[in-house]
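Okay, structure first, notes after.
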Amino acid sequence: MAATPLDWIFGYGSLVWRPAFPALEQRPARVRGFTRRFWQGSTDHRGVPGAPGRVVTLVPEAGATCWGMAYRVEPSRIEEILGTLDVREQGGYTRHEVPLELVATEGGMPQAAVVGLMYVAGPGNPNYLGPAPLDAIAAQVLRSTGPSGPNPEYVLRLAAALREMGADDEHVFGLAARIAARP
């Protein structure tokens, strides 16, 4: 049975390594025209009000490609799963339908194009922090922790998951290197 557009959810942050919902299929994927940046404040997961952590969002950029993980979910559970994700991504993220490129797998799954949902936090939301030098982002991440754990863990786990899938992300890897180098 062919998947409908709402059967796929694309994760590019913690959803890459901790989806926390059941999936029928999980595939590395990419979305074109966006780049991942640690420009979103987190006051509910990796920071607290008054001392936000930094988490990723996607920023439109011509020619860019963002790697992540796509999850095909049971159509009968999509509303339940999206309800859970709406709570998880409540700090300024909104849903967007996007074309996804599913990467071919060693197990024989061919490359495929599907439409999926992803959550993006843009400049209009109250938790948006915007661009900053990587050293300043690293300093903020190093001093931040929240209900979901220390902010450095988020950065390092994302970097490890991206490396495992063979993705290249200069922003994430540069930030992870700065964090790993600090005591």
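Below are the figures for this structure:
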| read-out | value |
| --- | --- |
| Net charge of Cβ neighbours under 9 Å - reference residue 118; Lys, Arg +1; Asp, Glu -1 | 0 |
| Gain in span if fully extended, residue 125 to residue 160, counting 0.36 nm per residue against the direct Cα distance | 9.7 nm |
| Cα-based radius of gyration of segment 7-160 once divided by 2.2 N^0.38 Å, which approximates compact folds | 1.03 |
| The chain - share of DSSP beta bridges that are antiparallel (%, nearest 5) | 95 |
| The chain: angle of helix 78-88 to the longest principal axis, Cα-based, in degrees nearest 10 | 0 |
| Local net charge near residue 132, Cβ-Cβ under 13 Å (Lys/Arg +1, Asp/Glu -1) | +2 |
| Helix 170-181 vs. the chain, principal-axis angle (Cα, 0 to 90°, nearest 10) | 50 |
| Local electrostatic count, residue 37, Cβ distance below 13 Å [Lys/Arg +1, Asp/Glu -1] | -1 |
| Loop sites in segment 91-183: GluC sites (Glu not before Pro), DSSP, at most 12 other Cβ within 10 Å | 106 |
| Karplus (6.51, -1.76, 1.60) ³J(HN,Hα), θ = phi - 60°, over segment 54-71, in Hz, Gly and Pro reported as x | 10, 10, 8, 9, 10, 10, x, 7, 4, x, 7, 9, 10, 8, x, 10, 9, 10 |
| FRET efficiency for residue 79 and residue 17, using Cβ-Cβ distance with R0 set to 35 Å, rounded to 0.05 | 0.90 |
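Values in this text are rule-based calculations from the coordinates and carry no lab data. Owing to the predicted nature of the structure, the values given are computational and were not obtained by experimental measurement. All Cβ positions, even for glycine, are placed from backbone atoms using ideal geometry, and neighbour counts span all protein chains on display.
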